[in-house]
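Each remark here refers to the structure printed beneath this line.
The values are calculated or read from the model by the stated rules, or taken from the named source; none is laboratory data. Quick caveat, the model's predicted, so the values are computed rather than measured. FYI the Cβ positions are ideal-geometry reconstructions off the backbone, even for glycines, and counts take in every protein chain you see. For the accessible areas, the whole protein counts, side chains as well, though only heavy atoms, and no ligand, DNA or RNA atoms are used. Shrake-Rupley method; radii C 1.70, N 1.55, O 1.52, S 1.80 Å.
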Amino acid sequence: MKRKLFRKVLVANRGEIAIRVMRACHELGISTVAVYSDADRQAIHTRYAGEAIHIGGAAPADSYLDLDRILKAARDSGAEAIHPGYGFLSERPAFPEACAAAGIAFIGPPASAMHLLGDKLGARELARRNGVPTTPGTGAIDDPALARRAALEIGLPVIIKPSGGGGGIGMKVVEKEEDLVPAIESAANAARSAFGDATVYLEKYVRSPRHVEIQVIGDQHGNVVHLGERECSIQRRHQKILEESPSPAVTPEIRRRMGDAAVAACQAAGYQNAGTVEFIFSEGEFYFLEVNARLQVEHPVTEYVTGIDLVKEQIKVAAGQRLSFEQDEVTFSGHAIEMRINAENPARNFMPNPRKIQRWVAPAGPGVRVDSGYGPGSEVPANYDSLVAKLIVHGADRAEAIARAQRALREFVLIGPATTIPYHRAILASPDFRSGRLTTNFIPEHPELLAEMARFEGEVSPMDYSAVDPRKVAAAVAAVAAMGQR
Ligand code: MV4
């Protein structure tokens with residue numbers, strides 16, 4: 001007999017991910033509770049749920065980051081479990097700890113695993129002890145003289161990383177010996193003020209790697225499996241822009257080794273539920289970076305290629321069920337690409353452009369999925385991140401996925417804010433992207449994409465029935481010109 005799932009789940013998040021989680025709940029026959037801030041009274045996630053509880057002001061600290069208010073909402077509504085989504089409180093060990101104290105299930109990893117993995121130096125050492133490849137590097141640095149010796153032994157360039165950080169914040173590359181000690185001092189000071197922990201360490205700097213990450217999921221019975229990789233090299237200032245699976249660079253052999261390494265690291269951390277192990281990949285070698293102890297924005301590409309609903313699996317394992325598949329039952333089919341459609345102006349240095357959405361027609365058709373928290377007439381609030389939609393496509397192979405992505409982007413009607421849609425069209429047209437030549441420097445190395453983008457900016461979607469049809473305008477202009485000829 002399978003254990004019963006939850007009767008009611010509270011989703012402690014907003015926007016597309018709150019709706020994504022509630023969709024899984026509804027399919028599983030679970031009632032949903034949304035929480036919302038002042039800025040989200042009219043938001044779709046607020047209306048989607050069976051019930052919605054106001055938790056405070058528009059500033060994240062006054063609502064989605066307020067653990068006490070979220071726990072009160074869960075108790076008041078009688079929710080049996082909480083899904084944290086991503087961002088906000090999702091990786092704070094205090095969240096699962098508070099849930100445990102309140103007798104509410106947390107749909108995510110245990111607090112103990114979050115503590116272990118949140119310490120990036122500790123996570124790296126745990127990975128290395130368990131046979132997972134890491135770059136040459138040091139432990140915590142407290143003596144600049146010893147740091148100089150360690151750096152010369154490792155060989156320049158090195159990268160200084162804060163142990164309390166993650167996601168690239170506060171990292172510093174050192175190319176020259178004389179820059180090392182001042183860079184360590186300033187990195188430690190920055191780490192102290194950003195994370196309340198001045199601990200930094202050194203690693204050999206790998207130039208222009210790919211960012212490849214492995215999706216894992218574990219149950220409460222000690223089983224952990226991996227669901228293959230995602231290539232996430234196309235990033236800008238540590239914000240991912242486009243992700244795909246499989247990686248054009250990963251062979252079945254690398255996938256097996258990287259997957260086994262990710263599973264070993266998670267087993268060692270006592271990991272449960274969904275998580276992601278990040279690696280850098282260069283010249284056929286991969287190196288552990290860190291573990292993201294949450295469901296990630298880009299999880300849909302993995303869902304497309306494996307056919308596994310990650311959020312349903314998260315809910316089932318959080319309720320105590322065993323994983324419904326073993327490692328050798330996970331198969332990969334076709335190719336998926338996710339494009340993050342942000343309310344940002346690429347031509348103005350990707351400045352956020354929160355605006356009312358005047359017109360909206362989302363693309364559809366074969367192999368197209370759109371996850372969004374917005375729609376026609378929605379306001380995109382300035383208080384939160386600028387993600388307005390994720391466009392995810394699936395095809396039989398990478399060429400079909402790219403063609404389908406281009407077709408879907410051409411259909412997308414999103415009038416109001418400036419968006420990254422034309423920028424994605426420029427990426428998909430770029431020869432380096434099309435041939436799979438990707439590194440974490442792809443965006444800075446392709447400044448021409450901003451000019452290429454202009455070719456798409458004037459275009460009217462064939463789905464925009466409220467716009468003037470440019471073909472009729474052209475015909476009218478031709479007719480008038482012909483009259484002038486006579
Ligand atoms: C590195 C690296 C090169 N060498 N470590 C940045 C995010 C954080 N998770 C780790 N990061 C990096 N660590 C070594 N030893 C390059 C990066 C890096 C990066 C990694 C993944 C995706 C985008 C990146 C952009 C710049 C630098």
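One line per residue, one yes/no per condition, for (1) touching a His at 6+ places or on another chain (Cβ under 8 Å); (2) charged (D, E, K, R); (3) more than 16 Å from the ligand (Cβ to nearest atom):
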{"residue": "E344", "(1), (2), (3)": "no, yes, yes"}
{"residue": "M351", "(1), (2), (3)": "no, no, yes"}
{"residue": "A364", "(1), (2), (3)": "no, no, yes"}
{"residue": "V370", "(1), (2), (3)": "no, no, yes"}
{"residue": "R398", "(1), (2), (3)": "yes, yes, yes"}
{"residue": "P444", "(1), (2), (3)": "no, no, no"}
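Select, from V224, V216, V212, V250, the only residue that is closer than 30 Å to A343 by Cα and either in the same structural domain as E344 (by TED's automatic domain parsing) or in contact with a Ser or Thr (Cβ under 9 Å, 6 or more places away or on another chain) (or both).
V212
Tell me which of these R128 doesn't satisfy, since it passes every other one: (1) within 16 Å of the ligand (Cβ to nearest atom); (2) within 30 Å of L10 (Cα to Cα); (3) among the basic types (K, R).
(2) is the only condition that R128 fails.
Mind telling me which of the residues A396, A408, A382, A403 ends up being in the same structural domain as M339 (by TED's automatic domain parsing), under 21 Å from the mean Cα position of the chain (by Cα) and open to solvent by 40 Å² or more (accessible area, probe 1.4 Å)?
Only one candidate passes the filter, namely A382.
How many residues, within segment 135-187, are open to solvent by 20 Å² or more (accessible area, probe 1.4 Å), in contact with a helix residue (DSSP H, G or I) (Cβ under 8 Å, 6 or more places away or on another chain) and part of a helix (DSSP H, G or I)?
6
I'd like to verify a number: residues in segment 212-245 that are surrounded by fewer than 24 Cβ atoms within 10 Å (Cβ to Cβ), within 21 Å of A274 (Cα to Cα) and within 14 Å of the ligand (Cβ to nearest atom), how many?
2
So which of E27, E97, E80 ends up being touching a Lys or Arg at 6+ places or on another chain (Cβ under 9 Å), within 25 Å of V224 (Cα to Cα), open to solvent by 70 Å² or more (accessible area, probe 1.4 Å) and not assigned by TED's automatic domain parsing to the domain that holds N292?
Matching residue, one of E27, E97, E80: E27.
Condition test on L116, is it away from the ligand (no atom under 16 Å from the Cβ), without any contact (Cβ under 8 Å) to a residue 60 or more places away in the chain and more than 22 Å from Q235 (Cβ to Cβ)?
no
When residues of segment 38-77 are filtered for being of a type in the set (V, I, T), open to solvent by less than 20 Å² (accessible area, probe 1.4 Å) and outside any strand (DSSP E or B), how many remain?
Residues flagged as of a type in the set (V, I, T), open to solvent by less than 20 Å² (accessible area, probe 1.4 Å) and outside any strand (DSSP E or B) within segment 38-77 amount to 2.
Assuming V132 fulfils every condition listed in (1) surrounded by fewer than 20 Cβ atoms within 10 Å (Cβ to Cβ); (2) of a type in the set (A, V, I, L, M, F, W, C); (3) not in a helix (DSSP H, G or I) apart from one, which condition is it?
(1)
Of the conditions (1) within 26 Å of A382 (Cα to Cα); (2) in contact with an Asp or Glu (Cβ under 9 Å, 6 or more places away or on another chain); (3) β-branched (V, I, T), I104 fails just one. Which one is it?
(1)
Kindly indicate the residue of segment 261-292 that is away from the ligand (no atom under 16 Å from the Cβ) and in contact with a His (Cβ under 8 Å, 6 or more places away or on another chain) and also least open to solvent (accessible area, probe 1.4 Å) among those meeting that condition.
Residue satisfying both the conditions and the ranking: A274.
When only residues in segment 293-325 that are open to solvent by 10 Å² or more (accessible area, probe 1.4 Å) and within 16 Å of the ligand (Cβ to nearest atom) count, which is farthest from R207 (Cα to Cα)?
Looking at residues that are open to solvent by 10 Å² or more (accessible area, probe 1.4 Å) and within 16 Å of the ligand (Cβ to nearest atom), I get R294.
Inspect all residues belonging to segment 411-421 and state whether any of them is touching an Asp or Glu at 6+ places or on another chain (Cβ under 6 Å), over 30 Å from A58 (Cα atoms) and part of a strand (DSSP E or B).
Taking every residue of segment 411-421 in turn, none turns out to be touching an Asp or Glu at 6+ places or on another chain (Cβ under 6 Å), over 30 Å from A58 (Cα atoms) and part of a strand (DSSP E or B).
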